[in-house]
1. Being small (Gly, Ala, Ser) and over 20 Å from residue 147 (Cα atoms) is the filter here, so list the residues in region 185-206 that pass it.
2. So is residue 65 surrounded by fewer than 17 Cβ atoms within 10 Å (Cβ to Cβ) and within 21 Å of residue 242 (Cα to Cα) or not?
3. Is it the case, given these coordinates, that residue 158 is farther than 23 Å from residue 178 by Cα and either of a type in the set (A, V, I, L, M) or touching a strand residue (DSSP E or B) at 6+ places or on another chain (Cβ under 9 Å) (or both)?
4. Going by the conditions given, is residue 163 part of a loop (DSSP other than H, G, I, E, B), in contact with a helix residue (DSSP H, G or I) (Cβ under 9 Å, 6 or more places away or on another chain) and modelled with pLDDT of 95 or more?
5. Does region 158-181 hold any residues that are of a type outside the set (Lys, Arg) and within 18 Å of residue 4 (Cβ to Cβ), and which are they?
6. Which of the following residues is under 21 Å from residue 7 (Cα atoms) and assigned to a helix (DSSP H, G or I): 217, 184?
7. Search region 1-30 for residues that are touching a residue at least 12 places away in the same chain (Cβ under 8 Å) and pair each with any residue that is part of a helix (DSSP H, G or I) and of a type in the set (Asp, Glu) when their beta-carbon atoms are under 7 Å apart and the residues are at least 6 apart or on different chains.
8. Considering region 45-58 alone, what residues qualify as being in contact with a strand residue (DSSP E or B) (Cβ under 6 Å, 6 or more places away or on another chain) and not in a strand (DSSP E or B)?
Amino acid sequence: MTSPNRAIILAAGQGKRLLPLTEARPKCLIELSGRALLAWQLLRLQAAGVQEAVIVTGFRADAVEAEVAALSLDMPVRLAFNPFYTVSDNTASCWIVRQEFDREVLVLNGDTLFGPGVAERLLAAPPAEITVAIDRKPAYDADDMKVLTEAGRLVAIGKTIEAYDAESIGFLRFSVEGAAKFAAGVEKVLQTPDGLRRWYLSVIDELARAGVDVKVASIEGLEWGEMDFPQDVENLNRLSSGWTAPARA
């Protein structure tokens, strides 16, 4: 199994819980220690050896395009617009770029900030059809995307599952076979009445329960965080305050 050379970033949402910070920009463009969250993501992916990125946009797609154009990147970055972003969740964003799941690929939430070593640890994980990066902590809140694991295997994932021992950080790796199964699962979910409102990780949950080889890769001890609420901006600024731009691979 080789390493994915393509990363898909799901960044269509506005981030209404962050208003007024997101009144005129999506949350992926909020600055953290002098750089937009999206810029940190792209620079770290490039440093880890990713060769191309696809960003699913929605709210203020023009601002995302301008940010990407202003960055000095060696890898090409393509943008795909999700016209349903105001009425859908991120499963629809995955459907918009379903043709990109034709190879090994990484998928990253647009609100996940990750520090040195995180992408590298996910890329170095043992082969699996789907690998979900996880972290562990003493307690979890209602907004955490909780995960139940067993001997390195993902048993269940969701915000409301009753038994759990970890949380997803919103960063996944797919093999060729796993990517194909995921794309088919997305297509199936979007044919259901509530499909537009489903998180893409609900597809991962269904695949795991159906016996697909879904494993976890722990990034315990490494720095990361997600941006959902105003307090998160302060926390992520503090987390990234000592970071420097990662060197290219």
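1. Within region 185-206, the subset small (Gly, Ala, Ser) is 185, 195, 202.
The answer is 195, and nothing else.
2. Values: surrounded by fewer than 17 Cβ atoms within 10 Å (Cβ to Cβ): yes; within 21 Å of residue 242 (Cα to Cα): no.
Spelling it out, it is not the case that residue 65 is surrounded by fewer than 17 Cβ atoms within 10 Å (Cβ to Cβ) and within 21 Å of residue 242 (Cα to Cα).
3. Numbers: farther than 23 Å from residue 178 by Cα: no; either of a type in the set (A, V, I, L, M) or touching a strand residue (DSSP E or B) at 6+ places or on another chain (Cβ under 9 Å) (or both): yes.
So residue 158 fails the test.
4. Values: part of a loop (DSSP other than H, G, I, E, B): yes; in contact with a helix residue (DSSP H, G or I) (Cβ under 9 Å, 6 or more places away or on another chain): no; modelled with pLDDT of 95 or more: yes.
In short, no.
5. Listed by number, the residues that qualify are 168, 169, 170, 171, 172, 174, 175, 176, 177, 178, 179, 180.
6. Numbers: 217 fails: assigned to a helix (DSSP H, G or I).
From the options 217, 184, the qualifying one is 184.
7. 6/100; 8/100; 29/67
8. First, the residues of region 45-58 that are in contact with a strand residue (DSSP E or B) (Cβ under 6 Å, 6 or more places away or on another chain): 45, 50, 52-57.
Result: 45, 50.
The values are calculated or read from the model by the stated rules, or taken from the named source; none is laboratory data. Values in this document were obtained by computation on a predicted structure and should not be read as measured data. Please note: Cβ atoms are built from the backbone with ideal geometry, for glycine as well, and neighbour counts cover all protein chains shown.
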